[in-house]
Amino acid sequence: MNAYNVASTFGDRGIHPPAEDSVTVGESDLNFIHLCSGDDSGLLQYVRSGGIAFPHIMIPEALQLRGASASVGDVAGTLSAALAERLQVEEANKEKEMLAKTEGPVACVAWHPHRSLVAIAHRATDTIFLYDLTTNSWCPNVLQNIYMQGITSMVWQPNCGYTLAVGSTAGVCLWNIMPSATGSSSNIPAAVDGQKAPSLGTGQMSAWMTLLSFPSLIANGIPAQLPLDKKVVLRRSSASVSSLAFSPSGQWLVSGHQTHGHLTFWDVALGTATPLKRSGSSSRAATLRVGISPNGRYLVSAHANGQLRLWETESWTSRVWSDLQGNITQFAWAPDSRSLFFAVAKSSDIYALALYKAASSIDAEVSVVTSFEAHATAVLNGGDGAERIRVGGAIKSLAIDPSGQRLVVGFDDDSASSDISLLAVYLVNTDALFRAGGDSSALMPLGYVRGPDWGEQQQQKQQGTGSDGSSRPSSGRSSVHGLNTNSSKPPKKRVRLGPPIPSWFGFAPNFTHGALLNVAWANGKISFVPMFFKTNTRSN
């Protein structure tokens, strides 16, 4: 395994993170604009340079859906349910509540490849909401089904209307959505969509779900028809899906599984499955993630035994890398289909897989392109005696924009107690991966992104503060601090909450002015961070 030249770090380039009371609006002229409390001068500068400010979307932690028209198969448990079934429901709910409190209410997000439409999976209720950016409004229908439990991934079918594949415990839930007659394409902003297309509109839409399960439900001990008079919690089986990816043509869908390393290829039109059994049948080889290159010629899969497997999709030959230091947490294909960036658990390194020859061959090499070690640094515009926070550490997730010029990384919680609410942004130069010698780097530090805070109501709810909101979030791990001496009641301990961490982030598939970063935060807010640059130029 090689190591490419690292030109500089964030500290070397004098790039400092924004303070905790800041929120990132966007990037303009290679600089990120952060707004601080009571200071809007940065916003004025951003707007004058042509920046666009997108509103936040708010997702509540708890939901109560009303009526059968709002959901499909949403039936609560009954008092007559057996004790074992009730315990299963309680256990599943506790697990979801724990994840919702640490990771936030959003399980995952999927952008439609051709339209300004975002699908958002709600963690606690296993429901999917659709937000239409053409009208800046929620679609009235909610996608829910008794078989759609434990949502792990979502992906829209390319070159199709509105077909959404959802990975769940029971298998692949394939939703077909029919827009309402009131849908219109006249108000789609060109800044978000590269082309005009009919939106879902604001009226009621039609939707139906097909369950793709391999092996079949009966083979996995799941009834072909679940009872509607009680809540049934589905257990993981060989059909449980961990990750999904569509081919660029949309003709076939590949699913990875939670309990084994085999991959399943689906002909979506026929609903037929073809297993690819080459990565192990035990849970130790379970598939963590799958991804298809933009040109459809390569497939990559990451497994729980630490293996990275690269497939060539014409002859279905493969190559395996087993010398990584841990399991792969996330990977992202560059648009040239010649390079793949990925991160490994408990590691601060960013890796790259470079393909040196044309398709039908697997002449590839894995290398470390840069590292982001945890360290203390002063905040932006802090001056003398500025607050210092810890940044960096183990990398949990990453995403690359469709033009291949911006790479965003998020950090995992570790013993370094870094501020993991920050996202780091790099300039990308994939040409450096294929250049012999020289001093160029594939990744160049650019800046940080910080999201919105918890908000006064959420802070008071989680901290037990009064209406004065005197307790403020802070970075690092939770800790107990001062007592309320103004009250005659026995003092209560207050917990200092760190800023909301990102639970998911990715890029919009079409943004004519550069790249549009979409981030779901632990406080339930979904923010949009536009990055303005010319997409026909290379990073230097």
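Quick look at the numbers
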read-out	value
Prolate/oblate/rounded label for segment 252-306 (Cα gyration tensor, a/c 1.5)	oblate
Net lengthening on full extension, SER315/ALA386 (0.36 nm per residue, minus Cα-Cα)	19.7 nm
Sites ARG236 and ASN176 - FRET efficiency at Förster radius 25 Å, r taken between beta-carbons, to 0.05	0.45
Derived scalar couplings ³J(HN,Hα) [segment 395-405; Karplus, 6.51 cos²θ - 1.76 cosθ + 1.60; whole Hz; x for Gly, Pro]	8, 9, 8, 7, 8, 10, 6, x, 7, x, 10
Whether segment 223-293 is rounded, prolate or oblate, judged on the alpha carbon gyration tensor where a/c under 1.5 counts as rounded	oblate
Full-extension gain in nm, MET58 to LEU43, via 0.36 nm per residue minus C-alpha separation	3.2 nm
Environment charge at GLN325 (Cβ cut-off 13 Å; Lys +1, Arg +1, Asp -1, Glu -1)	-1
Among 163-173, 328-338, the order from most to least packed when residues are scored by Cβ within 10 Å on average	163-173, 328-338
Heavy atoms of TYR131: accessible area, 1.4 Å probe, square angstrom to 10	20 Å²
Computed FRET value (nearest 0.05) for ALA124 with ARG284, which takes r as the C-beta separation and R₀ as 25 Å	0.25
Virtual spin-label span in nm between ARG435 and THR272, 7 Å along Cα→Cβ	4.9 nm
Theoretical gain in end-to-end length, GLN251 to ASN136 [0.36 nm per residue, Cα-Cα removed]	38.3 nm
Around ASP363: net Lys/Arg minus Asp/Glu count, Cβ-Cβ under 14 Å	+2
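The values are calculated or read from the model by the stated rules, or taken from the named source; none is laboratory data. Computed from a predicted model, the values in this text were never measured in an experiment. Glycine gets a Cβ as well: all are built from the backbone with ideal geometry, and neighbour counts include every protein chain shown. Calculation scope for accessible area: heavy atoms of the full protein, side chains included, ligands and nucleic acids excluded. Shrake-Rupley method; radii C 1.70, N 1.55, O 1.52, S 1.80 Å.
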